[in-house]
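Working notes, structure below.
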Amino acid sequence: MTDNLKPLSTATLTLEDKSYSLPTLMGVEGEKSIDISKLRAQTGYITLDEGYGNTGACESSITYIDGEKGILRYRGYPIEELAEHSRFTEVAYLLLHGELPTVDQLNLFSKRLNESSIIHEDMHHFFNGFPRGSHPMGILATMVASLSTFYPVPDVLDEATEIQIVANLVSQVRTIAAFSYKKSIGEPLVYPSIKYRYVRNFLNMMFSSPVRDYQLDDDIVRAIDMFLILHADHEQNCSTSSVRTAGSSMANVYAVTSAGISALWGPRHGGANQEVIQMLEQIHAEGGDGTEFINQAKDKNSGRRLMGFGHRVYKNFDPRAKVLKKQCDKLLNKPGMNDPLLEIAMRLEEIALKDDYFISRKLYPNVDFYSGLILRAAGIPTNMFTVLFAIGRMPGWLAHWREMLHGKQVTITRPRQMYVGETERHFVDIENR
Ligand code: ACO
């Protein structure tokens, strides 16, 4: 525990006529917790909290969220200010190092990213081994884990090596993402170029070819940059918790971030932006106004949910969704950028925000509701959406990995369980079963 947590009065827990005192603590934003780290040793009890909605797994100084008030801050800076005034590489630096960079620090960081953007030439063969139509998230998770075989991590990490590895990952995840797309469409890989900065470099690797130059549109570059900023961290979400869990075993950072990518893949987490577009396409194809889909989403037996609505933490609104909605309107109102799915999305939003089912459950549009429309406008294919999320989230995962590594001690993650299986029984020979 660090000195940043302020001790409050103790809590009293009564179990089987015995009372126990438990320390209570307050974080810098007034969040309160009960310290149960000695609970089992003192009482024989454990806590039961499926999904960990009431469990603080660590102390962290990276990101602050107040889900009730719709607040999200990276290292103290409101997400709205960062989205408006900053760039993704600057935000990545902020998350990784704790402070906004000076001009010199940012230039050095950008230089590092540029110089580490190439992946080992022999890794190119791997792309040929994946079957046609492989989901790019599967390719990304595999390729990121396999970086560890080309860039082995020493047993003892000094500061300079650690900073280099972090830059490698922030940069190479973008190269791997673009290569996996090129492979999937059967086009030659386009190498990263020293000419471009982070987002331009990525878009150029995705969309240019030896026979076709890609015209970089400033508004699209800005929208993708903003998308990456808004996805860069979100405290102890499913993928970041996976990164911390895998990292707590002291596995190498490539394996650890690959675990994060795998966790992000699911439709209830990073995969939701892909599902939002599929849902909008389906409504568009069926020609309805979305009412039928909403009715199905409200029916538990249908197995459907209104994708892009609801959030584990935000029970008011998702501040990232507000920023992206504005960006989405701006981008899709550009001449030649009309997307019929935007109209459907707006109609769904309008219906859902007036519907008692969604109001009573505090289900509001989340960041994924709009992000897919922005990615579509940029020409990113739907199956690459979650990959873009992973590129954005990489600095956040790495910031959490570094914070854990440099904390007072690394405690291996090992939750307990309530066993509900068979009690002891004895082996029966196969002929007597
Ligand atoms: N559509 C319809 N009903 C919903 C939805 C939805 N999108 N989300 C939640 N509900 C309902 C549930 O059925 C449940 O109803 P009940 O109380 O009658 O049983 C109630 O709302 C609470 O649902 P939970 O799943 O307990 O809510 P939780 O906060 O744990 O889940 C989650 C959050 C997983 C994001 C959920 O809202 C969801 O599945 N949304 C759609 C997927 C999505 O958009 N994910 C993106 C998350 S943001 C991100 O990862 C960047």
Taking segment 317-340 and keeping residues open to solvent by less than 60 Å² (accessible area, probe 1.4 Å) and of a type outside the set (D, E, K, R) leaves PHE317, PRO319, ALA321, VAL323, LEU324, GLN327, CYS328, LEU331, LEU332, MET337
Picking from SER258, SER262, SER241, SER249, the residue that is surrounded by 17 or more Cβ atoms within 10 Å (Cβ to Cβ), outside the structural domain of ASN366 (by TED's automatic domain parsing) and over 19 Å from SER180 (Cβ atoms) would be SER241
Qualifying residues in segment 309-332 (those that are within 9 Å of the ligand (Cβ to nearest atom) and of a type in the set (Lys, Arg)) - the one farthest from ARG376 (Cα to Cα): LYS315
Quick check, is LEU96 in contact (Cβ under 8 Å) with a residue 12 or more places away in the chain and open to solvent by less than 70 Å² (accessible area, probe 1.4 Å)? yes
Of (1) within 30 Å of ARG197 (Cα to Cα); (2) surrounded by 13 or more Cβ atoms within 10 Å (Cβ to Cβ); (3) polar (S, T, N, Q), ASN107 fails just (2)
Output the helices (runs of 4 or more DSSP H) that fall wholly within segment 196-308 and possess 3 or more residues being aliphatic (A, V, I, L, M), within 16 Å of the ligand (Cβ to nearest atom) and more than 19 Å from the chain's Cα centre (by Cα), or say none. 272-286
Can ALA345 be described as of a type in the set (Gly, Ala, Ser), more than 10 Å from the ligand (Cβ to nearest atom) and open to solvent by 60 Å² or more (accessible area, probe 1.4 Å)? no
For segment 1-22, what are the residues that are in contact with a Leu (Cβ under 8 Å, 6 or more places away or on another chain) and of a type outside the set (Gly, Ala, Ser)? MET1, LEU5, LYS6, PRO7, LEU8, THR10, THR12, LEU13, TYR20, LEU22
Could you list all residues from segment 350-375 that are buried (at least 21 other Cβ atoms within 10 Å of the Cβ) and more than 8 Å from the ligand (Cβ to nearest atom)? ALA352, TYR364, PRO365, TYR370, SER371, GLY372, LEU373, ILE374, LEU375
Pairing a residue in segment 285-306 that is open to solvent by less than 60 Å² (accessible area, probe 1.4 Å) with any residue that is part of a loop (DSSP other than H, G, I, E, B) and within 11 Å of the ligand (Cβ to nearest atom), where Cβ atoms lie under 6 Å and the two sit 6 or more apart in sequence or on different chains, gives GLN296/ARG304; ALA297/ARG304; ALA297/ARG305; ALA297/LEU306
Residue set LYS326, LYS322, LYS334; condition over 15 Å from the mean Cα position of the chain (by Cα) and not in a helix (DSSP H, G or I); output residue LYS334
State yes or no: is LEU39 modelled with pLDDT under 95, out of contact with any Lys or Arg (no Cβ under 9 Å at 6 or more places or on another chain) and either under 28 Å from VAL410 (Cβ atoms) or away from the ligand (no atom under 16 Å from the Cβ) (or both)? no
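Only one residue in GLY67, GLY30 is within 23 Å of CYS238 (Cβ to Cβ) and not assigned by TED's automatic domain parsing to the domain that holds LYS315, so which one is that?
GLY67
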Of all residues in segment 48-71, which are farther than 24 Å from LEU405 by Cα and surrounded by 13 or more Cβ atoms within 10 Å (Cβ to Cβ)? ASP66, GLY67, GLY70, ILE71
How about segment 1-25: which of its residues are surrounded by 10 or more Cβ atoms within 10 Å (Cβ to Cβ) and part of a loop (DSSP other than H, G, I, E, B)? MET1, ASN4, LEU5, LEU8, THR10, PRO23
PHE130 versus (1) of a type in the set (A, V, I, L, M, F, W, C); (2) farther than 29 Å from GLU90 by Cβ; (3) modelled with pLDDT of 95 or more: which is the lone unmet condition? (3)
Among the numbered criteria (1) open to solvent by 10 Å² or more (accessible area, probe 1.4 Å); (2) within 14 Å of the ligand (Cβ to nearest atom); (3) under 19 Å from the mean Cα position of the chain (by Cα), which single criterion is violated by ASN383? (2)
Which one is modelled with the lowest pLDDT, of the residues in segment 265-283 that are surrounded by fewer than 24 Cβ atoms within 10 Å (Cβ to Cβ) and small (Gly, Ala, Ser)? GLY271
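The values are calculated or read from the model by the stated rules, or taken from the named source; none is laboratory data. Keep in mind that this is a model prediction, so the values were computed, not measured. Reconstructed Cβ throughout: ideal geometry from the backbone, glycine too, with neighbour counts over all protein chains shown. Heads up: the accessible areas ignore ligands, DNA and RNA and are worked out on the full protein's heavy atoms, side chains in. Shrake-Rupley method; radii C 1.70, N 1.55, O 1.52, S 1.80 Å.
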